[in-house]
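Trainee: The following block contains the structure, expressed as structure tokens.
Taken together, the values in this text are just the output of simple stated rules run on the coordinates, not laboratory data. Keep in mind that what you see is a predicted model, and the values were worked out from it rather than measured. Reconstructed Cβ throughout: ideal geometry from the backbone, glycine too, with neighbour counts over all protein chains shown.
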Amino acid sequence: MLVKNNSYLYCLGLGFILVIIAACAPISKEQCNLGDWYGIGLSDGMAGHTLSRLTQIQKKCAKTGVVVDLNQYKAGRSEGLKQFCTPQTAFSRGSKGYSNNNVCPSNVATKFNTAYGYGYALYAQKKKIKNIDSEIANVSQDLGEATEQDDDYYRLQRQLRRLAKEQSRLSVELGHMIAKTEIAMAKLLSQT
């Protein structure tokens, strides 16, 4: 098992979701005027935003005559990235198909990218299975509407058998991938 303490994982996930929701919202005029640049940078770092977000903030605040304190923003973002740039976050993002924004400092980037790769590989495999499931549903519907006298009837039966075989192969492969990933993640997490 990747994580032994499910309540810890739940709290971490819930906190991450709340940060993402807050960080995705555009900065308001009030936030510009308040000027909590450390806090805004912290939220952006925790959400894994690239520095292009800073440019957006600067433009928005410039419209209200407010200048962003770059040092405070970058200090907060740096602290937020410490919380974001973990193998657990990377694996979670990868397994959901989210992009890897490559925002982590070099001292943790290798672990982050490795864990992201493990998660993304599982996501890609599940996506292949989902696509096969969709094809099976379409072919099954076509087959249900066909009769033995139709030219396509036997072709559809062969196609359905081929798809079912591919689905089975991919599912078995996914099971092996999950087992290998659990071992690899445990090893990665044990490294200091």
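Trainee: On C-alpha positions alone, give me the angle between the axis of helix 153-190 and the longest principal axis of the chain, in degrees, nearest 10.
Mentor: Approximately 40 degrees, to the nearest 10.
Trainee: When Arg158, Arg93, Arg77 are ordered from fewest to most other Cβ atoms inside 10 Å of their Cβ, what list results?
Mentor: Arg158, Arg93, Arg77
Trainee: Enumerate the amide H contacts of Ala47 below 5 Å, restricted to partners 5 or more residues apart or on another chain; note that Pro and chain-start residues carry no placed amide H.
Mentor: The answer is none.
Trainee: Taking the chain as the reference, fit the longest principal axis to its C-alpha atoms, fit the long axis of helix 37-46 to the helix C-alpha atoms, and give the angle between the two in degrees, 0 to 90, nearest 10.
Mentor: On a 0 to 90 degree scale, this one is about 20.
Trainee: Cα axis of helix 70-84 to longest principal axis of the chain: angle in degrees, 0 to 90, nearest 10?
Mentor: 40 degrees
Trainee: Another question about this same structure. If the limit is 26 Å between Cα atoms, which of Lys74/Lys187; Lys127/Lys180; Lys29/Lys96; Lys96/Lys180 go over it?
Mentor: Distance filter (> 26 Å) returns Lys74/Lys187; Lys29/Lys96.
Trainee: Go through (i) 115; (ii) 166; (iii) 145 and flag the label whose value is the computed volume of the Cα convex hull per residue in Å³ for this structure.
Mentor: (ii)
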